[in-house]
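Report on the structure given below.
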Amino acid sequence: MVFDANILQEKLIEAWKLRSDETSFSASISPLVAECRSEEEFRTLFTKQILEHIDSATSSSLLQSYFKFHTRSGYINESLVIERLLSLKPSSSSIIDDVQIKFLLELLSDTLKTMHVNAEQAPRLGKQINLLAKWLCSALCIYSNEEMTPTGKEMIIVVSNLFLLFFTNTTYYCLWLMTIKAQKEQTEWRQLQEQLTKIAQRTTIGESARPDVYEQILSKITRLHLSDDFHQEEVEFNPCIFNTIVSMLVVNQLHKSSSILLIVIRFYEHVSTMSNPSLLYLRLLQASFGGYVSSISTNNTEYQQRWSAFIFFQLPRLLASSIETQIDHVKQALENFLLYNEYLLNRMDELCLENVLEQILQTTLNYIKNDIREKNQNTLNQLIFYIQNIRGPFVKRIQEYYRNQQTHSYSYQILQLQRSLEQSLYKIFSSDLSINNEENLQILINNLIEYIPLICALDQYYSFIRLLLSYTQTQFDLAILMLCYITSITDDISEDIGHLDLNSDKSSSSFILYIWLKKYWLSRYLGHALFSSSLDSIELISTTNNPFDDLSLKEKDEFLIEIRTINNENIQRKYSNIEYLSKTIYLLGELPSLSLDETKQTVLAIINYLTQVSYGSLVHVLLWLIANYQIANDDERVWIQNIIHTMGTSIDSTSTISSLFDAIKRQLWSDFIDNSIFPYYTLLSPIPSSSIINNYTPSSPQTATTLILTLFDIYLTNEFLDCEQSRGLYICSKYVPINLILIRLLTNINTSNGIYETCRGIFFIFGFILFRRRSSTRCLLQQVLPYLINIKSNEFMLEPNVYSMCLLLNILLLLELNTKNDQLEDLFHVKSWKQIYQPIDSMLFDTIDDNYHNIIPKSEDITVLNVYHEFLDWSSKELFSSDNVRPVNYFLGWLQTILWMFSRTTKSLKQFIKPKLIAQLSEYLPLQFPIEKVLSILDLSNDIELEYASMAITRDYRHLQISNKRVTTNLIHNQQVIHDENNPAIPVNVTKNIYTIPKNL
């Protein structure tokens, strides 16, 4: 439909004359609207006619008033008006242009005042507002710089009035800021601010005072919020987390503790707004020194060695990572530690016969970069002087007292031995790992027990694994036994050891042994009937990395004949050690049940044969026997126990490989045959219970669950676990289904006495999860949290407990990201131990991070990251189906908030900030999620984020897809599968041993 301008003007004037009638002017214009296909088409045509005949429109005051009045009916298309306005150049020298500009500005102002913006219009309108705001800035500059006239002053007022609308209307202002952030125009706007700042410095324009609205605009535009973050959250996290995790990690997983503790420290440094930030480092020092002193009373050499290695070799590197950026806070923490922990320091100095705190600080300074150390030299010297003055007199008295003593404390002996071993370690690890250095190997063997905690504390554990793998070609028996011994002490499992970059051919003995290590030894819990919960945690490697080829029937028969006809007098090795291992794997996998005498005779023959030709391969036979022990009957178990007791004893019992094999047998016997938790029954001493659920009588069965719940109560009461308690908790964690114990612990939080115990309980659970981090994290997100959300067990979802729960999930996520190929920022890299031995040359510091994968191995598994995405996506789909605000919504709001707060430091977390979930939170929790917070959290880097931000700004959620029916059948994922695996009613074929190798591996 095409309108004639004269007819349109005539009809509009006629309608204006009838505006006082009952039918009003809208009734007269309705026939014109009816002839259009939509109101939008009429708005477009109506506005185009105005703009095409703007000269005649501005010549008549009546028409101008009429057009402005029509904006209330929504007949003006604001986009067309803005486009025309942008095409005009403001200048007081052109009276005609100024009249048109003034008319368009007033017309647009009236239009925007009455306009309702929906989410679909918002992105386009935001861009136009941004362009118009730039035009208005240039107009203010032009009109302000020219000689003031009544017309110029009038134009300034009109421009300022429209500009003021953008600042006073929340929707327009937020759309404007959204566009600036999305288009990254902050620099351009800062330049405009500078121009207007210069204008604002003038007191008058000519002889006239500046209008009030003009003053307001000059003030507001110079304070335009151009930061990427329009919103700031202040959340204070309780730093007592170290009381839980330091002891748990040092006693059980020292080789992983440095990266975990550093990430926790960084989280507090960059997210928590503590009134006293030094409290963070004070708590770390107190937990570390307190754990060391408590280990002395245990008379357990292993605990004391681990704590000594942590205090003197790992803690300084952690402090060095913080002191470079937080020197004032670390200094204050050390000073407070001196003042308020005199007993700990006295005990430490007495045990070690030195000023321990000064020694730790001196070691810390050795790891600090030269430029930072020089910059803060005065501060550091003052701190050292302060420590020497306070601790010096006591240390001198102690040293004089023990000067004539013939023997010293075990702590002193350990420290001196570890310092001497550290020197040799650098020599060992600095050599080419591809070269089999017999001297280095002998040094390691002679002091293996003392080396292990030191190697773990120095983050050389994975370098040590590579070193041992490099010896497989010439020292196979020794290498495989040492690998099994080391990994059993550290309790590594397949999914935790990650992917070691061996830089060797896949057919090499090193690589094949590494595959065996992951597929069999580190996955040994797969064969334990009591470890059904660990089925979820076992991560067998990719089938593409299977180095064991199938044996032909002929080769198998030949190997069997050779085993059965062995002559101890004339034994000749026909194969390599790796070939013996491979043949043993497939031969054992094809054996029938141990109930047959023939099978038993074959096993005895294999043991006798391998003892002579490939002693290291006996480890696989030992694993096979342990696995079959779990499904054997009583008679078969007696036979297996006797065989395990005697196997490998026919060689010299004083040899290294015999001692290692014997130690491995004892370890497996303790884990799979004896009652591993029996030594920790003493932990069940009566204590006041803080939970009504956890009242046990002395006659209660001594189960792993009972022990864990008792330790949970002990920690809630004392906020501390000693070495035995930490170790007992770790051992018990192997014997319980992860999902069930996590549900039990989180449910028990609801019965605790107050928020302090709830926070302690969450920190306890966090430390518990770290034992089997990947499998526990998957259980937490796939089964535990959906279950608790469904039954509305929500104590941990409420403030301030929700902060601790969000801390737990953030740290677990960051720890997983730390094992990916795209490593986290340098901020999260632990100071390399080798750095202390580098010459003082700043150029060398840049090469340290290249070997960071030696500390943290890579992991190809992405299941944990996928579970995080699934949990957040599921939350977005299902949790907001109710109109009521639920505690879980509040919990998810803080989870996304704290993720965003940490993502400002850790860019890798950005992918877990879900725009749709943010929009839903803004709808359901507008007070917790105001518009400016949405603009801060979202990057606005794509159309999807702009769309969801627009919904939050306009409060238009019509396009936000929300499921009307919550799905509850899949809240606990794979529940039926887990039930079936543990259901004794299901028939199980026990005629073949469970160590059979599936053909598809």
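The numbers here are math on the coordinates, done by the rules we state, and not lab data. All values reported here derive from a predicted model rather than from experimental measurement. Here Cβ is always computed from backbone atoms with ideal geometry, including for glycine, and neighbour counts include all displayed protein chains.
Details
- Sequence of F313, F559 once ranked by neighbouring C-beta atoms within 10 Å, starting from the fewest: F559, F313
- Taking amide H as placed 1.01 Å from N in the peptide plane, H499 has its amide H under 5 Å from the amide H of K858, S859, E860, each at least 5 places away in sequence or on another chain.
- Scoring 916-927, 44-55 by mean Cβ neighbours within 10 Å over their residues and listing the highest first yields 916-927, 44-55.
- Taking a point 7 Å from the Cα of Q405 along the Cα-to-Cβ direction, the residues of the stretch 366-398 with backbone N closer than 14 Å to it are 395-398.
- Virtual spin-label span in nm between T654 and R564, 7 Å along Cα→Cβ: 4.0
- FRET efficiency estimate (nearest 0.05) - Cβ-Cβ, K858 to E302, R0 30 angstrom: 0.50
- Distance between the stretch 611-654 and the stretch 112-135 - C-alpha centres, whole angstrom: 78
- Estimated FRET transfer efficiency (K89, N790; beta-carbon r; R0 56 Å; 0.05): 0.30
- By the beta-carbon count within 10 Å of each Cβ, the least crowded to most crowded order of S950, S804, S38, fewest first, is S38, S804, S950.
- Full extension of the chain between T717 and I515 gives 68.2 nm of extra length, using 0.36 nm per residue less the Cα-Cα distance.
- Backbone geometry of the stretch 861-874 corresponds, through the Karplus equation with coefficients 6.51, -1.76 and 1.60 at θ = phi - 60°, to 3J(HN,Hα) couplings of 6, 10, 5, 5, 5, 4, 5, 4, 4, 4, 5, 5, 5, 4 Hz, x marking Gly and Pro.
- In this simple spin-label approximation, R955 and T703 carry label points 7 Å from Cα along the Cα→Cβ vector, and these lie 5.3 nm apart.
- Partner lysines whose Cα lies under 24 Å from the Cα of K256, excluding those fewer than 8 positions away in the same chain, are identified as K427, K518, K519, K734, K820, K831, K834, K858, K907.
- Which of R564, R223, R317 has the fewest Cβ neighbours within 10 Å, and the rest in rising order: R223, R564, R317
- Between R397 and R190, the distance separating the two model label sites (each 7 Å from Cα on the Cα→Cβ line) works out to 5.9 nm.
- Partners for K113 among lysines (Cα-Cα distance below 16 Å; same-chain residues under 8 apart left out): K68
- Residues N866 and E590, FRET efficiency given R0 of 45 Å [Cβ-Cβ distance, rounded to 0.05]: 0.80
- Backbone geometry of the stretch 301-318 corresponds, through the Karplus equation with coefficients 6.51, -1.76 and 1.60 at θ = phi - 60°, to 3J(HN,Hα) couplings of 5, 5, 4, 5, 5, 5, 5, 5, 5, 5, 5, 9, 10, 10, 4, x, 6, 5 Hz, x marking Gly and Pro.
- Sequentially through the stretch 374-384, phi angles give Karplus couplings (6.51, -1.76, 1.60; θ = phi - 60°) of 5, 5, 10, 4, 4, 4, 5, 5, 4, 5, 4 Hz, Gly and Pro residues having no value and appearing as x.
- Between the residues I657, H620, I643, the greatest Cα displacement towards the positive end of the dipole of the stretch 553-669, with unit charges on the Cβ of Lys, Arg, Asp and Glu, is found for I657.
- One decimal place: the segment Q667-E41 gains 217.1 nm when fully extended, by the rule 0.36 nm per residue minus the C-alpha distance.
- Taken over the stretch 553-669, lysine pairs spaced eight or more positions apart, or on distinct chains, with alpha carbons under 24 Å apart number 10.
- The slack in the chain from T170 to D212, taken as 0.36 nm per residue of separation less the alpha-carbon distance, amounts to 13.0 nm.
- Modelled label reach - K556, point 7 Å along Cα→Cβ, the stretch 609-645 residues with backbone N closer than 15 Å: none
- Close amide H contacts of V235 (hydrogens built in the peptide plane, cut-off under 5 Å, sequence separation of 5 or more or a different chain): T273.
- Note on the stretch 553-669: Kirkwood hydrodynamic radius from all Cα pairs is 14.7 Å, rounded to one decimal.
- Annotation: amide H of T298 has no partner in the under-5 Å range at sequence separation 5 or more or interchain, hydrogens built in the peptide plane.
- Spatial offset of the stretch 905-950 relative to the stretch 235-274 amounts to 28 Å, using the alpha carbon center of each.
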